[in-house]
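Visitor: Got a structure for you, written out below as structure tokens; questions coming shortly.
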Amino acid sequence: MECPPNHRWLPDVYTDEECEWLLQRLLQSVNWEEHYFRMFGKSILMPRKVAFFGPWNYAYSGTVHEARSM
């Protein structure tokens with residue numbers, strides 16, 4: 001995999017078991033948001049959950065994600 005300058009690709013930092021544990025931990029401990037959008041007059045659930053952490057709010061397509069502190 002080609003990485004941008006000053007980045008390194010580390011594919012084996014975590015084992016598969018550690019990755020699964022971390023994923024489950026995030027799914028359980030983070031307050032995930034679900035957003036909807038309108039298409040052809042119908043309200044559709046976006047196919048992803050969102051949790052935005054950072055210093056500023058983030059907006060796209062009319063949806064604003066309020067920044068959460070880490």
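The values are calculated or read from the model by the stated rules, or taken from the named source; none is laboratory data. Computed from a predicted model, the values in this text were never measured in an experiment. Neighbour counts are summed over all protein chains in view; Cβ atoms, including those assigned to glycine, are modelled from backbone coordinates with ideal geometry. Ligands, DNA and RNA are stripped out before the accessible areas are found, and what is left, the full protein with its side chains, is counted by its heavy atoms. Shrake-Rupley method; radii C 1.70, N 1.55, O 1.52, S 1.80 Å.
Visitor: Taking the stretch 46-56 as the region of interest, how many residues are more than 21 Å from M70 (Cβ to Cβ) and surrounded by 11 or more Cβ atoms within 10 Å (Cβ to Cβ)?
Guide: 1
Visitor: Still on this model: Return the pairs, sorted by first residue and then second, in which the second residue is open to solvent by less than 80 Å² (accessible area, probe 1.4 Å) and hydroxyl-bearing (S, T, Y), the first residue lies in the stretch 16-38 and is in contact (Cβ under 8 Å) with a residue 12 or more places away in the chain, the beta carbons are less than 6 Å apart, and the residues are 6+ apart or on different chains.
Guide: The qualifying pairs are H35/T63.
Visitor: Touching a strand residue (DSSP E or B) at 6+ places or on another chain (Cβ under 8 Å) and assigned to a strand (DSSP E or B): which single residue out of M70, M46 fits that description?
Guide: Only one candidate qualifies: M46.
Visitor: Then there's this: When the stretch 7-26 is examined, which residues are found to be among the β-branched types (V, I, T) and open to solvent by less than 80 Å² (accessible area, probe 1.4 Å)?
Guide: The one that is among the β-branched types (V, I, T) and open to solvent by less than 80 Å² (accessible area, probe 1.4 Å): T15.
Visitor: While we're on this one: Among the candidates S61, S43, S29, single out the residue that is among the small types (G, A, S) and open to solvent by 90 Å² or more (accessible area, probe 1.4 Å).
Guide: Result: S61 is the single residue among S61, S43, S29 that is among the small types (G, A, S) and open to solvent by 90 Å² or more (accessible area, probe 1.4 Å).
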